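This report refers to the structure that appears directly beneath it.
The values are calculated or read from the model by the stated rules, or taken from the named source; none is laboratory data. Keep in mind it's a predicted model, so treat the numbers as computed, not measured. Every residue, glycine as well, gets a Cβ built from its backbone with ideal geometry; the counts of neighbours run over all protein chains shown.
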Amino acid sequence: MTRPLPVVAIDGPAGAGKSTVTRQVAAELNFLVLDTGAIYRSVALAAKLAGVPYDDEREVSALAAGLAEREAIRFRAGEGATQTVWLDNGDVSLAIRTQEMGDGASRVSAIAGVRAALLDLQRQVGRAGGVVVEGRDIGSVVFPDAEAKFFLTASVEVRARRRLDELLARGIATDFDSVAREVRERDERDCNRAVAPLIQPADARLVDSSGLTLDEVVTSIVAQVRELMQGMAHRLVSQG
């Protein structure tokens, strides 16, 4: 597929900083953000509100299909470079960012019917390029033809510490051992699920942020994407 601008796919495990990196990379490049994690978290929230258990694959799949059909999950520009997530007519940007919804997203995203219901929705948003997408199977399943693929990771200890700081800042009482255990359990589920497991695509560039600052990670990814964009521009000129 020939696009004027690339699709930037950022995959990686929970707590690697994908959401923050994605937003800043998109802002630097003036690209759109497609937060697939927010989509699955919204499905989990919708299931909770509807009283549908996460392990009821038929009902959760039907719920996801309904959400996709009526385009109930939407992204809207917030203040500055922020982005809000809406479920039907309500802003759920904060409600979906709890640990419970993170675990729920991990469970519902392992259901084949849910992923099938939401796949076309995600691809439609990114078809023209100029979008940064983050998740766990973006480069391998959702956008296997993405021009720029990155696998962002960090050690379990670093990811747990980051998550702990985030939860404490929100006033959620917890401790490092509990968060580290949840991170390991999430990794286990995501890597071993039958549908679209977390993997590093062969053509994705590994970015280990354990010893890097956020700015260093963003600067590195942006520089690589801009270099790629130059090559794409030259090819379009030669073809035209």
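The selection criterion, being under 21 Å from Val141 (Cα atoms), surrounded by 15 or more Cβ atoms within 10 Å (Cβ to Cβ) and not acidic (Asp, Glu), holds for Ala117.
Of the residues Gly80, Gly139, Gly135, which single one is surrounded by 22 or more Cβ atoms within 10 Å (Cβ to Cβ) and modelled with pLDDT under 90? Explain how you work it out, then say what you get.
Numbers: Gly80 fails: surrounded by 22 or more Cβ atoms within 10 Å (Cβ to Cβ); Gly139 fails: modelled with pLDDT under 90.
Going through Gly80, Gly139, Gly135 in turn, just one is surrounded by 22 or more Cβ atoms within 10 Å (Cβ to Cβ) and modelled with pLDDT under 90: Gly135.
Return the total of residues in segment 85-101 being charged (D, E, K, R) and within 23 Å of Val179 (Cα to Cα). Talk me through it step by step, then tell me what you get.
Step one: list which residues in segment 85-101 are charged (D, E, K, R), which gives 88, 91, 97, 100.
Add one more test, that the residue is within 23 Å of Val179 (Cα to Cα), and what stays is 97, 100.
So the count comes out to 2.
The condition of being crowded, with 16+ Cβ neighbours inside 10 Å and among the basic types (Lys, Arg) holds for only one of Arg161, Arg123, that being Arg161. Being in contact (Cβ under 8 Å) with a residue 24 or more places away in the chain, assigned by TED's automatic domain parsing to the domain that holds Ala105 and under 13 Å from the mean Cα position of the chain (by Cα) is a description that applies to Ser42.
Scanning segment 1-34 for residues that are surrounded by fewer than 23 Cβ atoms within 10 Å (Cβ to Cβ) and under 9 Å from the mean Cα position of the chain (by Cα) yields a count of 1.
Looking across segment 161-197, the residues that are hydrophobic (A, V, I, L, M, F, W, C) and within 18 Å of the chain's Cα centre (by Cα) come down to Val183, Cys191, Val195, Ala196. Can you find a residue that is part of a helix (DSSP H, G or I) and over 27 Å from Asn30 (Cα atoms) anywhere in segment 203-221? For segment 203-221, residues part of a helix (DSSP H, G or I) and over 27 Å from Asn30 (Cα atoms): absent. Criterion applied to Asp88, Asp55 was being farther than 22 Å from Gln124 by Cα and not assigned by TED's automatic domain parsing to the domain that holds Val207, and the one residue passing it is Asp55.
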